[in-house]
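Q: Once you've had a glance at the structure underneath, I'll fire off some questions.
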Amino acid sequence: MKENIHNLFTGSSESVFKFLILSLSVFGVIIHVVAGMKVYGLGIFGFFTVLSNIAVSVYYIVFFLVPKKVSLLLKGYILEPILLTGILNWFILVPISVKYTYTILPLLRRSNIFVHGIIPLLVLIDWFVFDHKRNYTRYEPIQWAIFPLIYNFLIYIKEYLGANGYPYPFYDPNMMHGWSNVIACLLMILFLYIAIGYGLVYTKKEVGPIERM
């Protein structure tokens, strides 16, 4: 912790960049939640976007509090969700918005640009520029999928218990014209998620014996 904080104040480019991400992610979450509570109330905290951006803030706090090796082991668990947040927004939610409302202007608000665009991009840049190569286990990218899998499970538990409405249209069998389309969509997202994970690992994997963690 002392080393990371020292680097921050002495100009380490990595620590400064990570502190920038931390600051912008906290700001982005605040303005997004404030705007969202006017529409959804506390339900805004049920959106994957909010949870993944909070996870980013927590991760970068952890970076400055624990040894770098520990925080590096956690990186995939926050990088994958925040990338999924950006991808789903621009490639699924934006087309749906255009189809049903004939505009994407609501998705171009400042708060949305932060949580769906700026933060995912900065975290990805951080991965490529500053994260060091290391040995990954064969199934580590699959383990990173635990976040969205638990989220999906809780969405349907909440709906079963009487919550009104799904946070995203691709969870709703009525909007998707049946459960088969819902399942196909979620499986496609899961496949994309894991494929991106293996792609990211490929860019940072050391050549050598697999490290068991």
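Q: Say R0 is 25 Å: what FRET efficiency, to the nearest 0.05, do Met37 and Met175 get from their beta-carbon distance? Present the calculation step by step, with values, prior to reporting the outcome.
A: Values: r = 24 Å, r/R0 = 0.96.
Computed FRET efficiency for Met37 and Met175: 0.55.
Q: So for each of 116-122, 59-65 I average, over its residues, the number of other beta carbons within 10 Å; can you give me the resulting order with the highest mean first? Working shown, then result.
A: Values: 116-122: 20.0, 59-65: 18.1.
Order by mean packing, descending: 116-122, 59-65.
Q: Between Leu20 and Tyr198, 0.36 nm times their residue separation minus their Cα-Cα distance comes to what?
A: Values: separation 178, 0.36 × 178 = 64.08 nm, distance 2.69 nm.
Gain in length upon complete extension: 61.4 nm.
Q: Continuing with this model, one more query. Exceeding 22 Å between C-alpha atoms, which entries from my cross-link table qualify? They are Lys75/Lys158; Lys18/Lys204; Lys38/Lys75.
A: The answer is Lys75/Lys158; Lys38/Lys75.
Q: Need the full-extension length gain, Phe91 to Val129, defined as separation in residues times 0.36 nm minus the C-alpha distance. One decimal, nm. The partial results should precede the final answer.
A: On the way: separation 38, 0.36 × 38 = 13.68 nm, distance 2.53 nm.
This chain segment gains 11.1 nm when fully extended.
Laboratory data are not the source of any read-out in this text; all were calculated from the coordinates shown. The structure displayed is predicted, hence computed values, not measured ones. Note that each Cβ is placed from the backbone with ideal geometry, even for glycine, and that neighbours are counted across all protein chains shown.
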